[in-house]
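**Student:** My structure is below; once you've seen it, I'll send some questions.
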Amino acid sequence: MTIHGWVGKILRVDLTEERVSTSDTMRFAEKYLGGRGIAARIAWDETGTGVDAFDADNRLIIMTGPLTGTLAPSSGRTAFCGVAPQAYPKPWYTRSNMGGWFGSELKYAGYDGIVIKGKAEKPVYLSIRDGVVELLEAREIWGRDTFSTQKYLMDRHGGDVKVACIGPSGENLVRLAVVQSETENAAGQGGFGAVMGSKNLKAIVVKGSGTVKIAEPQDFLELCLAINRDFQGASPQERPSARPDAGIAQAYGLRGIACSQSCPWRCGWMWRNVPGTAYPGINTTFMMCVAGLFRGSHSFYDWNVGQEASVELAAVSNKLGLNHWSLLLGLVPWLKECKARGLITEVDGEAIDFSNPDFWVRLMRKISYREGLGNILAEDVPRIVDKLGKGKDIAEKLYPAYGFPGHWDGHGDKANPVFFPLWVVSALQWFTDTRDPFSSGHGYSQNLTRWSRVYSWEKLAKIGEEVYGSTKSVDPNYPYEYKVQPAIGEQDESVLKDSLPLCDQVWPRFYSTHTEDGYARITLPKHGTIGGKSFEYHLYVAATGLKLPEEEFRRCAERVFTLERAIQVRNDGRTREQDLAIIPYFETEENLPGPSEKKESLDREKFLRLVDEYYELRGWDKTSGWPTREKLMELGLADVAEELEKLKG
Amino acid sequence: MNAVPRSGVVIADKSICHGCGICELACSLSHKGACGPALSSIGVLRDPLAGDFFPETCKQCQFPSCYYTCPVEAIVIEPKTGARVIDGEKCKGCGACAKACPYNELETIIRRDSERGIYFKCDLCTGLNREPICVEACPWKALSYVPANERRGK
């Protein structure tokens, strides 16, 4: 039988045994979709209690989904899952993902994913050329930066190969180490670069000559084109121009670029041949949203290194394979505050000075190579605090939980302006997660913050009713009512985005400037009118040919989220008590006042009522925070229910 | 060489191409029912480390080497658009056209369909009965279609 959407095989690599085999994707596909979903099932089956991030037994699970490599808007993504060294207080199973072109190429080579276990005796890289899979010696690239590694592999295997690799940060087990592809596509959060490093796996290079077959090609084509048409011009700022400002473009070789395959949008620029400031020479790199913080010129990021140095710093960070987000939203703000309070004023004899590009480069290199104080900074803020016994209260204001800095939640994160009560939903997204939920959970707080500048709250409330079931879900006059539904909605949506996969900056498609009421819709002869909330479902059905009802499709997301919770319960003893540990962070004053015009903080009593409502709606036990047997049975997870029963003893 | 009727052509503006590859996938999906550059008649060349990329389209030459070279006359001139089209029924898969094409050094213009063992190239979507799908799909309008009667030069 022809397989549509997926390509049918998962590559299994055992680095200790130097053995490669394949397994059948379709065993998991219908129940767990792909990407993060299939990864969760594999982790449940294979990664038990007591596995540390750097153990040979830790599986690095790299999974695409049924839409990767297809025309589906912004679908060129890949999930990276496993026990993550960045998680705190102990490494635990979580996820990250990246855009780019690596995942598509992997599918064109015939694999939906790669599960890597074991540890190579000496540095190796994995080469995949359609059916030919080899482990090759990486002696010549071990120690190289990510750009130079890719250059070497392209020279050796052809300029059209796609590479996922690590830089010195990953090799040196830095907890902020990313898996990098091209200049700025990276699986950042979690520190999976260090997992590759611990396995002595420098890179994966892939070339595929195949395609992804589509069940209903005509229907799929028209859906993709219609969604893209609606999308074009649907931003609050309207569509960015195709060409950059001529002066800047000429000076810095600026080019608009889609960061991932099939993306009709642009979130950043490609800066080319920009002269360095800290060091002579030129730099070329793509710069996404967070990389802009290197420059400063912001009320909190109050330095200004200038455009040229900001490109240089982004390029240096990308080459070293460091996580921009954790660096710029966590470690750097923490160091800045430590300096302001006189707790840490220098790094190995050099004064902390973020207005000096030279300082930045040396700081990043010290972290990446674990030199001097860098050896401690490489452990990332929560563990630095433990080791140095300094700056604990500063860290608590920047880090809500799990070792990940704030993100669209109105408190620690100084870069994103979200206000009360939108971050009440953010708090509900954080409290049951295993990491920062926002790399695939922007749908509520970011989108509403932005669109509230464009549309009236009345208009938004109507969209809220359409999407989340009640006008109260987005109405600022009801801060502690109907907030669980959008939180669960966005958590499940994030599973869909990480599993199909689809990009979080583009999806979900709720808002449109093309419709009178502002709610995104497309109309096609075959389907009639489809609301924005259902775009994903129709793409999935047309691509895979699985004719399941929309409710069943959404249940897959609920199943995956619940299974991830079961992993937490079984492997890490996760309870309600741990969930509530995020409350103090939200009880501090918010960064920016919202419509009430005064700075708000979380009301614990009212929030705890939402917490109970959350567990109830999720079908989790209110006292323990465990998924109930009934819920697991309902989701078709009988074996999971049985295993959790045994834990109860 | 006998002149053949002039053809329309898809042209690309490299300066605004965002390298997303939507043109490639819209092409392969509409013509072959599958997504992948390997079955696309338009090719986006990418040099990611240099931040450089551009779409390579079939020039639909005034004096098409592919057409003159084909030993089995499998390349036909489509009457409506003038597109130089490989007739999949006639193609024997020898690859003479792919070698003869002066722009095909990276195999982006005439490609081999490895499943069917035959070659294929841009047909200006005449088979689909619509204007070229790559032009319609490009989100940045980096591609445009110039019909035969508006085409200048070679």
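**Student:** Quick check on the protein assembly as shown: of the DSSP beta bridges with both residues there, what percent are antiparallel, nearest 5%?
**Tutor:** Numbers: 69 of 80 bridges.
Roughly 85 percent of the DSSP beta bridges within the protein assembly as shown come out antiparallel.
**Student:** For Cα pairs less than 8 Å apart in space and 6+ apart in sequence, what is the mean separation divided by the residue count of the range A:235-398, i.e. the relative contact order in percent?
**Tutor:** Details: 209 pairs, mean separation 22.8, N = 164.
This gives 14 percent for the range A:235-398.
**Student:** Hey, if you drop one equal point scatterer on each alpha-carbon of chain A and run the Debye formula without solvent, what base-10 log of I(q)/I(0) do you get at q = 0.08, 0.10, 0.11 Å⁻¹?
**Tutor:** Summing over Cα pairs of chain A leads to -0.54, -0.89, -1.12.
**Student:** Taking the number of other C-beta atoms within 10 Å as the exposure measure, put A:T146, B:T57 in order starting with the fewest. Before the final figure, lay out the partial values.
**Tutor:** Numbers: A:T146 30, B:T57 22.
The fewest-first ordering by Cβ neighbours comes to B:T57, A:T146.
**Student:** What residue among B:P64, B:A50, A:I257 has its Cα farthest toward the positive end of the dipole of the protein assembly as shown, where the charges are +1 on Lys, Arg and -1 on Asp, Glu, each on the Cβ?
**Tutor:** Most positive-ward Cα: B:P64.
**Student:** Starting from the 7 Å offset along Cα-to-Cβ, what nm value, one decimal, do you get for the label separation of B:Y103 and A:A638?
**Tutor:** 6.1 nm
**Student:** Looking only at the range A:9-207, where both bridge partners belong to it, what percent of the DSSP beta bridges are antiparallel (to the nearest 5)?
**Tutor:** Numbers: 34 of 45 bridges.
Close to 75 percent.
**Student:** Rounded, prolate or oblate: which fits the range A:176-316 when a ≥ b ≥ c are the square roots of the eigenvalues of the alpha-carbon gyration tensor, with rounded for a/c under 1.5 and prolate only if a/b beats b/c? Mind dumping the intermediate values first?
**Tutor:** Working: a/c = 2.03, a/b = 1.23, b/c = 1.65.
Oblate.
**Student:** Let me ask something else. State the extension gain, in nm to one decimal, for the chain segment bounded by A:Q307 and A:Y279, taking 0.36 nm per residue of separation less the distance between their alpha-carbons. Working shown, then result.
**Tutor:** Numbers: separation 28, 0.36 × 28 = 10.08 nm, distance 1.44 nm.
Length gained, A:Q307 through A:Y279: 8.6 nm.
**Student:** Please work out the FRET efficiency for the pair A:E121 and A:K387, using the Cβ-Cβ distance as r and a Förster radius of 35 Å; give the result to the nearest 0.05. Intermediate results must be reported in sequence, preceding the final value.
**Tutor:** Values: r = 31 Å, r/R0 = 0.88.
Between A:E121 and A:K387 the formula returns 0.70.
**Student:** Also, quick follow-up: Under 8 Å for C-alpha pairs, at least 6 residues apart: give me the relative contact order for the range A:415-503, rounded to a whole percent.
**Tutor:** Numbers: 91 pairs, mean separation 30.2, N = 89.
Relative contact order here is 34 percent.
**Student:** With charges set only on the Cβ (+1 for Lys and Arg, -1 for Asp and Glu), what does the dipole of the range A:334-463 come to about its Cα centre, in debye to the nearest 20?
**Tutor:** Working: 18 positive and 17 negative charges, 64 e Å.
Approximately 300 debye in magnitude.
**Student:** Separate question: Starting with the highest mean, order A:161-168, A:525-532 by the number of other Cβ atoms within 10 Å, averaged over the residues of each peptide.
**Tutor:** Working: A:161-168: 27.1, A:525-532: 13.0.
Ranked by mean Cβ neighbours within 10 Å, highest first: A:161-168, A:525-532.
**Student:** Sticking with this structure for a sec: I want to check the label-to-label distance for A:E587 and A:S624. Put each point 7 Å from Cα in the C-beta direction and report it in nm to one decimal.
**Tutor:** 2.8 nm
**Student:** List the relative contact order of chain A as a percent without decimals, with contacts defined as Cα pairs under 8 Å and 6+ residues apart. Before the final figure, lay out the partial values.
**Tutor:** Working: 1398 pairs, mean separation 95.2, N = 649.
About 15 percent, as a whole number.
**Student:** Would you please classify the overall shape of the range B:66-154 from the alpha carbon gyration tensor, given that a ≥ b ≥ c denote the square roots of the eigenvalues, rounded means a/c under 1.5, and beyond that prolate means a/b larger than b/c while oblate covers the rest?
**Tutor:** Details: a/c = 1.68, a/b = 1.54, b/c = 1.09.
The shape class here is prolate.
**Student:** Another one. Give the separation of the Cα centroids, the range A:396-442 to the range A:280-304, in Å.
**Tutor:** So the separation of the two Cα centres works out to 22 Å.
**Student:** Could you work out, residue by residue across B:32-45, how many beta carbons of other chains sit within 10 Å of that residue's beta carbon, and then give the average as an integer?
**Tutor:** Numbers: counts 4, 10, 9, 22, 12, 9, 5, 3, 1, 0, 0, 1, 1, 2.
For this peptide, the per-residue mean of nearby foreign Cβ atoms is 6.
**Student:** Here's another thing I want to ask about it. Let me test this: with uniform point scatterers at the alpha carbons of the range B:9-150, what is the Debye-based log₁₀ I(q)/I(0) at q = 0.15 1/Å?
**Tutor:** Debye curve over Cα of the range B:9-150, log10 I(q)/I(0) at q = 0.15 Å⁻¹: -0.70.
**Student:** Something else now. What list do you get for A:L632, B:L128 if you sort them by fewest beta carbons within 10 Å?
**Tutor:** Details: A:L632 25, B:L128 14.
Least to most surrounded, the residues fall as B:L128, A:L632.
**Student:** Right, something else. Where does each of A:M26, A:M196, A:M364, A:M270 land when they are ranked from fewest to most other beta-carbon atoms within 10 angstrom?
**Tutor:** Details: A:M26 13, A:M196 29, A:M364 21, A:M270 26.
Listing A:M26, A:M196, A:M364, A:M270 from fewest to most nearby Cβ atoms yields A:M26, A:M364, A:M270, A:M196.
**Student:** Which shape class, rounded, prolate or oblate, goes with the range A:9-207 when its Cα gyration tensor gives a ≥ b ≥ c as root eigenvalues, a/c under 1.5 marks rounded, and past that a/b bigger than b/c marks prolate?
**Tutor:** Numbers: a/c = 1.33, a/b = 1.04, b/c = 1.28.
Here the range A:9-207 falls in the rounded category.
**Student:** Here is a follow-up. In peptide B:11-20, what is the residue-averaged number of other protein chain Cβ atoms found within 10 Å of each Cβ?
**Tutor:** Partner Cβ neighbours, averaged per residue: 5.
**Student:** Could you calculate the contour length gain from A:L524 to A:R365, that is, 0.36 nm times the residue separation minus the distance between their Cα atoms, to one decimal place in nm? Don't skip to the answer; put the middle values down first.
**Tutor:** Working: separation 159, 0.36 × 159 = 57.24 nm, distance 5.36 nm.
Gain on extension, A:L524 to A:R365, equals 51.9 nm.
**Student:** Once you average over the residues of A:217-228, how many Cβ atoms of partner chains fall within 10 Å of each Cβ? Mind dumping the intermediate values first?
**Tutor:** Numbers: counts 8, 4, 0, 4, 9, 1, 0, 6, 6, 0, 0, 6.
Per-residue shielding by partner chains comes out at 4.
**Student:** May I ask you to evaluate 6.51 cos²θ - 1.76 cosθ + 1.60, the Karplus curve with θ = phi - 60°, for each residue of the range B:102-111 and list the ³J(HN,Hα) values in order in whole Hz, giving x for glycine and proline?
**Tutor:** Residue by residue, the range B:102-111 yields x, 10, 9, 4, 9, 6, 9, 9, 10, 10 Hz.
Just so you know, all these numbers are worked out from the coordinates, no wet-lab data involved. Predicted, not measured: the structure shown is a model, and the values here were computed from it. Please note: Cβ atoms are built from the backbone with ideal geometry, for glycine as well, and neighbour counts cover all protein chains shown.
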